[in-house]
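Below you'll find the structure, written out as structure tokens, and then a few comments.
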């Protein structure tokens, strides 16, 4: 092996360590901005909805409490394809298409709400147990059971009025 001056060996060592550090930094950037961290950036609820990624809305911070006068008017849709059945919702429940449940972006999990179809006047009471919808102007995603009772299954979307019920208020009317 040829004799190299100490300064040449030192330069080579520094260069090699610098390259290794750069590779580590490049990997860190990939993990931070790449597919490895998508689920962490989108939050747990976003993983439960499989909509077009370009139309996905950013998650909103959940409300801590709901006023007894809280209401919302907007577009409802339903979800519950084979892909969701059996998966866990944001509340930890296993998704059940026969349950009277819904996904809302902000209402506290466990909140009971009355959903009234603006066009027909039909209403149902559902429990918020998931997060979503994250698509377009939609404000709530209903389970197939709730959607069926409102007549939403064939239409896909409809305008609804949502009213929060006080705890134990499902029987009020």
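Values in this text are rule-based calculations from the coordinates and carry no lab data. These numbers come from a predicted model, not from an experiment. Heads up, the Cβs are rebuilt from the backbone with ideal geometry, glycines too, and the neighbour counts pull from every protein chain shown.
Which shape class, rounded, prolate or oblate, goes with the stretch 53-171 when its Cα gyration tensor gives a ≥ b ≥ c as root eigenvalues, a/c under 1.5 marks rounded, and past that a/b bigger than b/c marks prolate? Numbers along the way, then the final one.
Values: a/c = 1.21, a/b = 1.08, b/c = 1.12.
It is rounded, given that a/c, with a ≥ b ≥ c, falls under 1.5.
Going highest first, how would you order 93-99, 139-145, 75-81 by mean Cβ packing within 10 Å? Intermediate results must be reported in sequence, preceding the final value.
On the way: 93-99: 15.7, 139-145: 22.9, 75-81: 20.4.
Output ranking for 93-99, 139-145, 75-81: 139-145, 75-81, 93-99.
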Exercise. Pull out the extension gain between residue 106 and residue 94, defined as 0.36 nm times the separation in residues minus the alpha carbon to alpha carbon distance; nm, one decimal.
Key: 2.3 nm
